[in-house]
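Please treat every number below as a calculation from the coordinates, not as lab data. Because the structure is predicted, anything quoted here is derived from the model rather than measured. No Cβ is skipped: glycine too gets one built from the backbone with ideal geometry, and neighbour counts run over all protein chains shown.
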Amino acid sequence: MRVAIGSDHAGYQLKEHVRTWMSERRIDVRDVGPRTFDPADDYPDFARAVAELVRTGQADLGVVICATGVGSCIVANKVRGVRAALVHEAFSARLSRLHNDANVLCLGAGIVAPPYAEEILAAWLEVSFSGEERHRRRLDKVAQIEAREDAQP
């Protein structure tokens with residue numbers, strides 16, 4: 001499994017923790033940055049970079065981290081084919097994969113402490129999309145909305 005990860009300055013420390021945690025579990029992690037703490041960086045740059053790697057198939061999944069996870073989630077969901085989920089606990093993380101086929105996980109470093117981030121990631125990574133008809137039908141509707149938006153002038 002290939003997982004892209006990125007954060008802004010507010011999520012930098014949690015990103016580093018999460019990257020190490022995944023690497024210790026032999027998950028192939030592609031870190032899009034930042035490489036060092038920079039209080040002047042912006043979450044859209046890193047959230048978009050992660051989402052693009054997922055969109056193009058260069059990563060199977062993505063993780064983006066900012067202060068609340070909200071901004072990064074908004075950005076990631078602007079990328080066609082990305083289904084980013086903002087979660088703060090394991091139950092929603094699990095269901096975001098199982099029911100919504102979420103391919104980007106958004107975390108808020110100001111909300112989720114490192115031990116909880118590990119729990120959330122473990123729940124998110126251990127399941128995949130159920131493929132149940134009702135969930136496929138709903139995701140087809142999401143894809144139709146995306147297609148209509150792409151067709152707008």
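Results, tabulated for the structure shown:
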{"quantity": "Positions within the range 60-91 being over 13 Å from the mean Cα position of the chain (by Cα) and under 22 Å from residue 126 (Cα atoms), in sequence order", "calculated": "89, 90, 91"}
{"quantity": "Residues of the range 60-81 that turn out to be among the β-branched types (Val, Ile, Thr), touching a Gly at 6+ places or on another chain (Cβ under 8 Å) and not in a strand (DSSP E or B), as a count", "calculated": "2"}
{"quantity": "Out of 67, 84, sole residue that is in contact (Cβ under 8 Å) with a residue 12 or more places away in the chain, within 19 Å of residue 11 (Cβ to Cβ) and surrounded by fewer than 22 Cβ atoms within 10 Å (Cβ to Cβ)", "calculated": "67"}
{"quantity": "Residue 50 β-branched (Val, Ile, Thr) and closer than 21 Å to residue 19 by Cα", "calculated": "yes"}
{"quantity": "Residue 97, sole failed condition from (1) under 20 Å from residue 51 (Cα atoms); (2) out of contact with any strand residue (DSSP E or B) (no Cβ under 6 Å at 6 or more places or on another chain); (3) touching a residue at least 60 places away in the same chain (Cβ under 8 Å); (4) not hydrophobic (A, V, I, L, M, F, W, C)", "calculated": "(3)"}
{"quantity": "The range 3-59: number of residues that are outside any strand (DSSP E or B), among the acidic types (Asp, Glu), surrounded by 16 or more Cβ atoms within 10 Å (Cβ to Cβ) and in contact with a helix residue (DSSP H, G or I) (Cβ under 8 Å, 6 or more places away or on another chain)", "calculated": "2"}
{"quantity": "Of the criteria (1) over 22 Å from residue 28 (Cα atoms); (2) of a type outside the set (D, E, K, R); (3) in contact with a Lys or Arg (Cβ under 6 Å, 6 or more places away or on another chain), which one residue 77 fails", "calculated": "(3)"}
